[in-house]
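Undergrad: Right, I'll just put the structure down here and ask away after.
The values are calculated or read from the model by the stated rules, or taken from the named source; none is laboratory data. None of these values were measured; they are calculated from a predicted model. Cβ coordinates were reconstructed from backbone atoms using ideal geometry, including for glycine residues, and neighbour counts include every protein chain displayed.
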Amino acid sequence: MENNVFRPNSLKEFIGQTNIINNLNIFVRSAQKRNKNLDHILIHGSSGLGKTSLAYLVSKIINKKIYILNGQSLQKPSDIISPLTSLKENEILFIDEIHSVSKEVFEILYPVLEDNKLNIIVGKEYNSKVVNIKVANFTLVGATTEINKLAEPFKNRFPILFHFQHYSENEIADIIELNCKKLEIDLNKEVINYISRFCQNTPRVAINLLKRIYDYIITLDLKNIDIKIIKSIFLKLEIYKFGLTNQEISYLKLLYKHSVLGIETIQ
């Protein structure tokens, strides 16, 4: 099952992060009215909150192609130069975990974000020279779970900064209800609310849990799903109160047993 099925297709379908979505709507409409590219966006927050989904959504609503990269794979200047020179007007480049980009790649990105120019050194030693290459107007969307690892001058080159926060149980329930429709699962509100308590206020956890419930429903041909059936499925999945797993419970027991405990002992 493709993960893209669960990604929102419109701003109205993006549940939670209400202030971010409202602001994004204004920024996008402004760019469209001016016939300009959307300003660069930096998104930070915990894993699984929808940062990547927002990047995909931006490409949908402005109807432009998106290129997906991961910071870990951008370690040499050539790793970023090729994608940058391939971009067309107003397209989107998304770099996930952008804090993992190497120092050399950051140095390439600074003038690109500032002036849309690639500064490339051609030749060696005394015969070297700097060549400036104009890059198409584009939108860089960077996502990070560790914004503290990004230098202030780099962060300042993103005119739009979004901080994703954890979701409420009601928002998680709405996400589950929406994706039940996509999977054609018939769950009542009481069951959906019950499931939402096990999702750690994180959409990715909610969707992954719903997919496993879906597997049981399909395989066992379950009908009239109630809380009792969901409890039985959770027991088989070894998922307990607050969505804790066996491993997480083991960690908590260790912490309770020892007042001082190093990370190596927990591992």
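Undergrad: Where in region 98-185 are there strands (runs of 3 or more DSSP E), lying fully within it, with 2 or more residues that are modelled with pLDDT of 95 or more and among the β-branched types (Val, Ile, Thr)?
TA: Because the criterion is at least 2 residues that are modelled with pLDDT of 95 or more and among the β-branched types (Val, Ile, Thr), the strands (runs of 3 or more DSSP E) in region 98-185 that meet it are 139-144.
Undergrad: Moving to a separate point now. What number of residues within region 186-213 are part of a helix (DSSP H, G or I) and either in contact (Cβ under 8 Å) with a residue 40 or more places away in the chain or among the charged types (D, E, K, R) (or both)? Talk me through it step by step, then tell me what you get.
TA: Taking region 186-213 and keeping what is part of a helix (DSSP H, G or I), we get 189-196, 203-213.
Remaining after also requiring either in contact (Cβ under 8 Å) with a residue 40 or more places away in the chain or among the charged types (D, E, K, R) (or both): 189-190, 203-205, 207, 211-212.
Selection size over region 186-213: 8.
Undergrad: Residue under question is Val5, and the condition is that it be buried (at least 20 other Cβ atoms within 10 Å of the Cβ) and in a helix (DSSP H, G or I); does it hold?
TA: Working: buried (at least 20 other Cβ atoms within 10 Å of the Cβ): no; in a helix (DSSP H, G or I): yes.
Answer is no for this residue.
Undergrad: Right, here's the next one. Exactly one of these conditions fails for Lys88: (1) in a loop (DSSP other than H, G, I, E, B); (2) over 24 Å from the mean Cα position of the chain (by Cα). Give me its number.
TA: Just one mismatch for Lys88, condition (2).
Undergrad: Looking at (1) of a type in the set (A, V, I, L, M, F, W, C); (2) surrounded by 16 or more Cβ atoms within 10 Å (Cβ to Cβ); (3) within 19 Å of the chain's Cα centre (by Cα), find the lone condition where Val112 falls short.
TA: Tallying (1) of a type in the set (A, V, I, L, M, F, W, C); (2) surrounded by 16 or more Cβ atoms within 10 Å (Cβ to Cβ); (3) within 19 Å of the chain's Cα centre (by Cα), Val112 fails exactly one: (3).
Undergrad: Please determine whether any residue of region 23-43 is β-branched (Val, Ile, Thr), within 27 Å of Ile218 (Cβ to Cβ) and either in contact with a helix residue (DSSP H, G or I) (Cβ under 9 Å, 6 or more places away or on another chain) or touching a residue at least 24 places away in the same chain (Cβ under 8 Å) (or both).
TA: No: zero hits.
Undergrad: So how many residues does region 195-230 have that are under 30 Å from Phe164 (Cβ atoms) and either of a type in the set (Asp, Glu) or in the same structural domain as Pro8 (by TED's automatic domain parsing) (or both)?
TA: 1
Undergrad: Quick check, is Tyr110 in contact with a helix residue (DSSP H, G or I) (Cβ under 9 Å, 6 or more places away or on another chain), under 30 Å from Ser10 (Cβ atoms) and among the aromatic types (Phe, Trp, Tyr)?
TA: no
Undergrad: For region 152-192, how many residues meet the condition of being polar (S, T, N, Q) and crowded, with 17+ Cβ neighbours inside 10 Å?
TA: 1
Undergrad: Please specify each residue of region 214-267 satisfying the condition of being assigned to a helix (DSSP H, G or I), modelled with pLDDT of 90 or more and aliphatic (A, V, I, L, M).
TA: Once the filter is applied, which keeps residues that are assigned to a helix (DSSP H, G or I), modelled with pLDDT of 90 or more and aliphatic (A, V, I, L, M), region 214-267 yields Ile217, Ile218, Leu220, Ile227, Ile229, Ile230, Ile233, Leu235, Leu237.
Undergrad: Would region 128-142 turn up any residue that is more than 30 Å from Gln200 (Cβ to Cβ), surrounded by 14 or more Cβ atoms within 10 Å (Cβ to Cβ), in the same structural domain as Asn25 (by TED's automatic domain parsing) and without any contact (Cβ under 8 Å) to a residue 12 or more places away in the chain?
TA: Checked region 128-142: no residue is more than 30 Å from Gln200 (Cβ to Cβ), surrounded by 14 or more Cβ atoms within 10 Å (Cβ to Cβ), in the same structural domain as Asn25 (by TED's automatic domain parsing) and without any contact (Cβ under 8 Å) to a residue 12 or more places away in the chain.
Undergrad: If you don't mind, there's one more thing I want to ask. Quick one: which residue in Leu49, Leu54 is assigned to a helix (DSSP H, G or I), touching a residue at least 60 places away in the same chain (Cβ under 8 Å) and farther than 18 Å from Asn156 by Cα? Full working, then the answer.
TA: Working: Leu49 fails: assigned to a helix (DSSP H, G or I).
Step by step, each of Leu49, Leu54 is checked, and only Leu54 is assigned to a helix (DSSP H, G or I), touching a residue at least 60 places away in the same chain (Cβ under 8 Å) and farther than 18 Å from Asn156 by Cα.
Undergrad: Specify which of the listed residues (Leu42, Leu69) is in contact with a Lys or Arg (Cβ under 8 Å, 6 or more places away or on another chain) and assigned by TED's automatic domain parsing to the domain that holds Ile121. It would help to see each step written out before you state the result.
TA: On the way: Leu69 fails: in contact with a Lys or Arg (Cβ under 8 Å, 6 or more places away or on another chain).
Every option except Leu42 fails the conditions.
Undergrad: Taking the residues in region 29-45 that are outside any helix (DSSP H, G or I) and modelled with pLDDT of 95 or more as candidates, determine which candidate is surrounded by the most Cβ atoms within 10 Å (Cβ to Cβ).
TA: So, considering only residues that are outside any helix (DSSP H, G or I) and modelled with pLDDT of 95 or more, the one surrounded by the most Cβ atoms within 10 Å (Cβ to Cβ) is Ile43.
Undergrad: Testing Ile15 on (1) of a type in the set (A, V, I, L, M, F, W, C); (2) within 22 Å of Thr144 (Cβ to Cβ); (3) touching a helix residue (DSSP H, G or I) at 6+ places or on another chain (Cβ under 8 Å), one condition comes back false. Which one is that?
TA: Condition not satisfied by Ile15: (2).
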